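One structure is given below, encoded as structure tokens.
The values are calculated or read from the model by the stated rules, or taken from the named source; none is laboratory data. Computed from a predicted structure; not experimentally measured. Positions of Cβ are generated from backbone atoms using ideal geometry, with glycine treated the same way; all protein chains shown enter the neighbour counts.
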Amino acid sequence: MFVVKSGFLYEFDFSMSLLTVNDNGLFCKQGDFYIDPWRPVKTAIITHGHSDHMRAGMGNYICHQHTVPLLKLRLGGDQVVQGVAYGERLALNGVEISFHPAGHIIGSAQIRLSYQEEVWVCSGDYKLMADGVSTPFETVECDHFITESTFGLPIYHFPPLVDVYSDINRWWRVNAAEGYNTVLLGYALGKAQNILAHADQSLGSIYLHGAVANVNQALSEVGYSFPGERITLDTVRSSIQGALIVAPPSALDTPWLRSLKPYRIAMCSGWMQLRGARRRRGVDRGFVLSDHADWTQLNSAIAKTQAKHVYVTHGYEQPFTRWMNEAHGLEAQIFKTLYSDQEEEEI
Ligand SMILES: [Zn+2]
Ligand SMILES: [Zn+2]
């Protein structure tokens, strides 16, 4: 079934396989559905609520039950959505489908497909480090595994999340003592909730950009609760003193942000591990906080699935595929998708 091409990459005969990539997205011909399609299709199975994976215009959506309010927030309340629990089994045209925790953000799921004794898992985005908010990653053994590769180079090694959360609180304490507000930039779905859940509320008040408050409000429909007050036009700016303010990166260089002076500002992102990243974004500090797997986590997750066939999507597809083939003796290849390789997915 495999043909050696250029020494490293393999060409797979996809005519019989359970998942293929076409112009619309990842397609399951046998089940007649797509996973995270980027063009309108009839049935879309959604791994998680980030905008590059959950797009508008699908006939009907199937996602984890905690992704449902996020989908309605982003795409409108009139969508046809079916929410399912982790581990629950569905069948579409004879293909068995189940959702398993991906540990990326609230509601994120790996999609397991089973058909005629063959098992495929599409991981969407994932991380192995438990963030204390989303359901931790679960290993699902399979024959074919589709992985992201956002941080698929050995230079990426993330510190334990608990250490980052305490660094953030320590910085907030210093800033407040010196008369500054503390602004943390992180994407509104995922990063923001992780920061809020671990913020030391004894240090002061917490305020939220509207995009973060909207996500929190949607998540409250399925039982989540996060601290922080939405900043509105009525919020008296002089009353915000020594506070922690959580906002998406798009708030940089806006009048909204300037109205919160005096502040010190930090970016929370896996990219902050790169030298010069903080300076390029023009912020005072960078915290290495990521909802993706670093190099070690990617390698470990893939090995544990025991998959012989690995398909690499958004990120460092080329070097990571080569590494899988050479070091792990796998039959890995690239799946060209339209998912973003940037971590800053806005909602
Ligand atoms: Zn994502
Ligand atoms: Zn993604």
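Observations on the structure shown:
- On inspection, GLN201 passes the criterion of being modelled with pLDDT of 95 or more, over 21 Å from the mean Cα position of the chain (by Cα), polar (S, T, N, Q) and over 30 Å from LEU18 (Cα atoms).
- Residue count, segment 121-162 (criterion: in a loop (DSSP other than H, G, I, E, B) and either charged (D, E, K, R) or in contact with a helix residue (DSSP H, G or I) (Cβ under 9 Å, 6 or more places away or on another chain) (or both)): 28
- Some residue of segment 93-113 being assigned to a loop (DSSP other than H, G, I, E, B), at pLDDT 95 or above, away from ligand 2 (no atom under 16 Å from the Cβ) and surrounded by fewer than 19 Cβ atoms within 10 Å (Cβ to Cβ): yes
- In a residue-by-residue description of segment 189-212, the property of being within 16 Å of ligand 2 (Cβ to nearest atom) and more than 17 Å from ARG285 (Cα to Cα) applies to at least one position.
- Residue within segment 87-101 that is within 16 Å of ligand 1 (Cβ to nearest atom), within 18 Å of SER269 (Cβ to Cβ) and touching a Pro at 6+ places or on another chain (Cβ under 9 Å) present: no
- Close pairs (7 angstrom Cβ cut-off, 6 or more residues apart or separate chains): in the same structural domain as TYR187 (by TED's automatic domain parsing) and over 21 Å from HIS100 (Cβ atoms) in segment 46-64, in a loop (DSSP other than H, G, I, E, B) and modelled with pLDDT of 95 or more anywhere: none
- Against the conditions (1) assigned to a loop (DSSP other than H, G, I, E, B); (2) within 15 Å of ligand 2 (Cβ to nearest atom); (3) modelled with pLDDT of 95 or more, GLY57 satisfies every one except (2).
- Scan of segment 36-53 for residues that are buried (at least 23 other Cβ atoms within 10 Å of the Cβ) and within 14 Å of ligand 1 (Cβ to nearest atom), ordered by number: ASP36, ILE46, THR47, HIS48, GLY49, HIS50, HIS53
- Every listed requirement among (1) more than 23 Å from the chain's Cα centre (by Cα); (2) more than 25 Å from ILE245 (Cβ to Cβ); (3) not β-branched (Val, Ile, Thr) is met by ASN169 save one, (2).
- Verdict on VAL119 being out of contact with any Lys or Arg (no Cβ under 6 Å at 6 or more places or on another chain), aliphatic (A, V, I, L, M) and not assigned by TED's automatic domain parsing to the domain that holds SER269: yes
- Selection within segment 214-234 - over 24 Å from VAL174 (Cα atoms) and surrounded by 13 or more Cβ atoms within 10 Å (Cβ to Cβ): ASN214, VAL215, ASN216, GLN217, ALA218, LEU219, GLU221, VAL222, TYR224
- Among the numbered conditions (1) within 14 Å of ligand 2 (Cβ to nearest atom); (2) at pLDDT below 90; (3) within 14 Å of LEU153 (Cβ to Cβ); (4) of a type outside the set (Val, Ile, Thr), the only one that GLU344 does not meet is (3).
- Residue among ALA251, ALA211, ALA243 that is surrounded by 14 or more Cβ atoms within 10 Å (Cβ to Cβ) and within 16 Å of ligand 1 (Cβ to nearest atom): ALA211
- Criterion violated by ASP125 - all others in (1) in contact with a Leu (Cβ under 7 Å, 6 or more places away or on another chain); (2) within 19 Å of LEU26 (Cα to Cα) satisfied: (1)
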